[in-house]
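Read through the structure below, which is laid out as structure tokens, and then see the notes.
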Amino acid sequence: MPKRKLNRREFIKRSAAGTATASLAINTATTFISNAQSSSANSRVNVGFIGVGARAHQLMEDIRNVPGMEIVAICDAYKGRLERAMERTGGRAKIYPNHKELLAAKDVDAVFVVTPDHLHKTHVIDAVTAGKDVYCEKPLTYKIEEGLEVIAAANKHGRIVQVGSQGVSSAAQQKAREIIASGRLGQITMVRATNHRNTASGAWIYPIPPDASPETVNWEMFRGSTGQKTYSPERFFRWRCYEEYSGGIATDLYVHLLTTIHYVMNAQAPDTVMAMGQLYRWKESRDVPDTLNGLLQYPEGFAVNLSATFNNEAVNERGFQIMGTEGTLEIGGKGVTFTPSRSYDDNGWIVDSWPSKLQKAYYSDPKVIAAERPNRQAQKVLSGQERWEEIGYGDAVPHIQNFVNAIKTRQQPYENAVVGHRAAAVAHMVNLSAKYKRPIFWDRDKDNVKAD
Ligand SMILES: NC(=O)c1ccc[n+]([C@@H]2O[C@H](COP(=O)([O-])OP(=O)(O)OC[C@H]3O[C@@H](n4cnc5c(N)ncnc54)[C@H](O)[C@@H]3O)[C@@H](O)[C@H]2O)c1
């Protein structure tokens, strides 16, 4: 199979083009363009982190590879995470007691919101209101309606918001988008996307640090406006397992799949969503499903089949299959594979059941010879499989680089608040459908779920 590498330089070249064309996918009614100049338009971007948990530490490592960005401020609800973040920044960041005080700091140009999902809306809206540009981890929202509030706030304050499904800035997904746009796959009517796991930490049973206690954890900061008043280390460190803080598989994993599908297919949102979810195995540890299947129908002319279980890693079924009449595109394993369709028409076994006289006449009919025999007799010989592989950078580096570019140019990045809202909204629709056991519909004009 021929392999081609996508290197970092190629990524940088393509990402600029990708961002420009990607913006075409966004409904102009809800697009916002920020005209406000960042204080660091041509200089270093000073960033603060609201939340320095597990993901934030990965992002902090990636930032080391993004020129022109410096971490100057951090806040968190657990002491141990702050200590580690100070180690990681070489003691250069300043610790703030809460996100409001961090946002009041004049030397902070932009913030990374890397808190649990139920806090994203508050943290993003407070940040844009304070004049900061925002990189918010996925999912942008905890509930559908929050998306429109975030878009309105970012619009009003002229701020950049980029959501953190980093895959869309990868060279692989840009390549996938390019191939699909070229028409090489023919008519695409179905996309399959999966993310299966079979381990405790894959199922979000994360280790709890031995010093965790009400003295080291600020439960009120984490709790926000949610119900449970008493400190629970399970809820604090494994919040994805509880619907009070998270939408489970749909908002943790599907939201990445959806962002990618919307990006590569140049699509906005499905008009209909149906889903089923069950908790089969990890019953002691959660109130969200461990097995979830979703079916989505897009007005752009294709259907999506999403699935995830935490009870088998399904080694042969990971990533995306984009299925067209002329071939299949697979995105996975840090690369893209195109496999041409080898379908050919073999109706011989049908004609074989006819009286011999008719069979003979059929095959000597010049129309049949022209239309069917060439395909029937010889398998279509098409060019072979092709694969493109990414090399050369860490997980979120290109996405963070796109965020820096957006801050400096004041051009919205592809995964702005509108795009983030739609991906999260579809994940929430999956959960609503599974919960109420009925289809959920999208109102494209209102960019919102259809009211009952
Ligand atoms: N893009 C990706 O691939 C990716 C990967 C992992 C996680 N994430 C996202 O990152 C976010 C964080 O996930 P995580 O795995 O790091 O969780 P985590 O629990 O490890 O980190 C969250 C941190 O937020 C802190 N926090 C809680 N309330 C706070 C408050 N009011 N103010 C400041 N800090 C507060 C917690 O103390 C904790 O350290 C989630 O939205 C998750 O979906 C994205």
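Since every read-out is calculated from the coordinates, none of them should be taken as a lab result. Since this is a predicted model, take the numbers as computed values, not measurements. Using ideal geometry, Cβ is built from the backbone for each residue, glycine included, and neighbour counts are taken over all protein chains shown.
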Check Trp204: other-chain or 5+ apart residues with amide H under 5 Å from its amide H, H built from backbone geometry?
-> none
Taking the chain and dividing mean pair separation by its residue count, relative contact order in percent (alpha carbons under 8 Å, at least six apart) | 24
Highest-first arrangement of 193-200, 348-355, 182-189, where packing means the average Cβ count within 10 Å | 193-200, 182-189, 348-355
Which is farthest toward the positive dipole end of the chain among Ile188, His399, Gly164, measuring Cα position about the Cα centre, with Cβ charges +1 (Lys, Arg) and -1 (Asp, Glu)?
-> Ile188
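Relative contact order of segment 57-112: what whole-number percent is it, with Cα pairs under 8 angstrom and at least 6 residues apart? Could the numbers behind the result be given before it?
On the way: 41 pairs, mean separation 19.1, N = 56.
For segment 57-112, the relative contact order is 34 percent.
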Dipole check, the chain, charges on Cβ (K,R +1; D,E -1), about Cα centroid: among Thr251, Pro355, Phe237 the Cα furthest to the positive pole belongs to Pro355
Given charges at beta-carbon only (K, R positive; D, E negative), |dipole| of segment 164-256 in Debye = 500
Scalar couplings 3J(HN,Hα) for segment 325-336 by Karplus 6.51 cos²θ - 1.76 cosθ + 1.60 (θ = phi - 60°), nearest whole Hz, x for Gly and Pro, are 5, 9, x, 10, 10, 10, 10, x, x, 6, x, 10
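Quick one: dipole size for the chain, taken about the Cα centre, charges +1 on Lys/Arg Cβ and -1 on Asp/Glu Cβ, in debye to the nearest 20. Please report the intermediate quantities before stating the final value.
Numbers: 56 positive and 48 negative charges, 172 e Å.
Computed about the Cα centre, the dipole is about 820 debye.
If packing is taken as the average number of other Cβ atoms within 10 Å across a peptide's residues, how do 249-259, 53-63, 229-239, 87-97 rank, most packed first? Can you show the working numbers first?
Numbers: 249-259: 26.8, 53-63: 18.9, 229-239: 16.4, 87-97: 14.7.
Result, highest mean first: 249-259, 53-63, 229-239, 87-97.
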Return the sequence-ordered ³J(HN,Hα) values of segment 57-71 in whole Hz as given by the Karplus equation 6.51 cos²θ - 1.76 cosθ + 1.60 applied to θ = phi - 60°, using x for Gly and Pro.
-> 5, 5, 5, 4, 5, 4, 4, 4, 9, 10, x, x, 10, 10, 8
Nearest 20 debye, what's the magnitude of the dipole of segment 98-217 about its Cα centre given +1 on Lys and Arg Cβ and -1 on Asp and Glu Cβ?
-> 660
Based on the mean of other beta carbon atoms within 10 Å per residue, what is the order of 213-221, 263-271, most packed first?
-> 263-271, 213-221
